[in-house]
Amino acid sequence: MTPEYILELREKVGKKRLWVSAVEGMVQDKAGKVLLAKRKDDGLWSLIAGIIEPGEQPADALKREVREEAGVECDPVFVAKIESMEESKAYPNGDEILALNILFYCSAPSGQKAGCPDGENEAAGWFYPSSLPSPLSPRAREAVSLLFGGAGPGPAAFLCGGKTAWASRKPPAAKTPPSLRKVSTDGSALSNPQGPMGWAWVEHATGEKASGGCKKGTNQVGELTAVLMALRRFKEGDLLIETDSRYAIGCSRDWVKSWKKRGWKKADGSKVKNLPLVRAIEEEISRREGKVEFAWVKGHAGEAFNEAADSLASGYARDVAGGKREEKLPKEAENSLKGM
């Protein structure tokens, strides 16, 4: 049906050419059939089309037109083509329009019977693209060729500089800078050394956590184990490890380069303590693409994630001491504790 605002304009401009924005839809059901309607004004089988109301979204306009003209519910999936008509169209009553036309590809459930609720068309029906009715409008034939000429619906087409250009239906994935993941780590020995030991880490954004421990360990082994296990869990992107252990930060960031240059010896030539864990941490950091940063936080000072990690580590130590949990350590921690 002709929109009210067009009728109002016609009262002022008569039958002169009007510039309008219009939509048309290639509606396809789950069985693969497309929806066509036979127009009363020219007798051609055509796509459902109509003029966009002022302030109406194009996709909403198409859904409305398909419902009004064919009694079918559909969902626009993507814009298949955008073009401005090069020649104006004259209707039998003498009205003339020039349209900006937006072609949508739409999906519809199978089993919907097509009709002519508003009486604008003579007939409506579903047809396979390989066996379309006659006479078929040139625009409908062009749309079928555009969308089904290849392997299924194609990309969007638009005219630019007098030539047809193509755009992918799916925009390229947005590239966003990696976010800095924050993890709190902690280690705990109920009596140091050789008391029940626990380790734990807590990821800030999601609350993901892990913990473990053994019946005999040290605070230092617990702290380093927590760092190693966090690095092994989060292998990609930038990582910030917060810990209340200056020893863990020194072994992981501050002293490790000098130790490695000296063949894993201290400045005085003595062996590096807990070397299996220190080397494992260095290897994890050196092989990852993202950067790893460390930050010291004061322990038992009310910092929520540090407190949570401490509670998990000490809790595991108590549980493993009481036989409620099994020992859970990486091999590097086990090797570091040998001969303790």
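The figures follow:
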read-out	value
From the options A317, A313, A333, residue that is touching a Phe, Trp or Tyr at 6+ places or on another chain (Cβ under 6 Å), closer than 18 Å to N192 by Cβ and crowded, with 17+ Cβ neighbours inside 10 Å	A313
Flag if W199 is among the aromatic types (F, W, Y), assigned by TED's automatic domain parsing to the domain that holds E303 and either in a helix (DSSP H, G or I) or over 20 Å from L337 (Cα atoms) (or both)	no
Which numbered condition R232 misses (of (1) touching a Ser or Thr at 6+ places or on another chain (Cβ under 7 Å); (2) within 22 Å of E334 (Cα to Cα))	(1)
Check on Q194, polar (S, T, N, Q), assigned by TED's automatic domain parsing to the domain that holds E293, over 19 Å from H300 (Cβ atoms) and out of contact with any Asp or Glu (no Cβ under 9 Å at 6 or more places or on another chain)	yes
Unique match (being of a type in the set (S, T, Y), under 28 Å from the mean Cα position of the chain (by Cα) and surrounded by 14 or more Cβ atoms within 10 Å (Cβ to Cβ)) among S184, S188	S184
Count of residues meeting criterion [of a type outside the set (K, R) and either in a loop (DSSP other than H, G, I, E, B) or over 34 Å from the mean Cα position of the chain (by Cα) (or both)] in the stretch 226-259	16
Filtered residue count, the stretch 191-218, keeping only those that are surrounded by fewer than 20 Cβ atoms within 10 Å (Cβ to Cβ), touching a residue at least 12 places away in the same chain (Cβ under 8 Å) and over 30 Å from the mean Cα position of the chain (by Cα)	6
Subset tally (residues that are in a loop (DSSP other than H, G, I, E, B), loosely packed, with under 14 Cβ neighbours inside 10 Å and under 44 Å from the mean Cα position of the chain (by Cα)) for the stretch 90-116	4
The stretch 57-68 residues that are modelled with pLDDT of 90 or more, paired with ones that are surrounded by fewer than 15 Cβ atoms within 10 Å (Cβ to Cβ) (beta carbon under 6 Å, 6 or more apart)	E68/D118
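The values are calculated or read from the model by the stated rules, or taken from the named source; none is laboratory data. Given the structure is predicted, the values throughout are model-derived calculations rather than measurements. Glycine also receives a Cβ, built like all others from the backbone with ideal geometry; neighbour counts cover every protein chain displayed.
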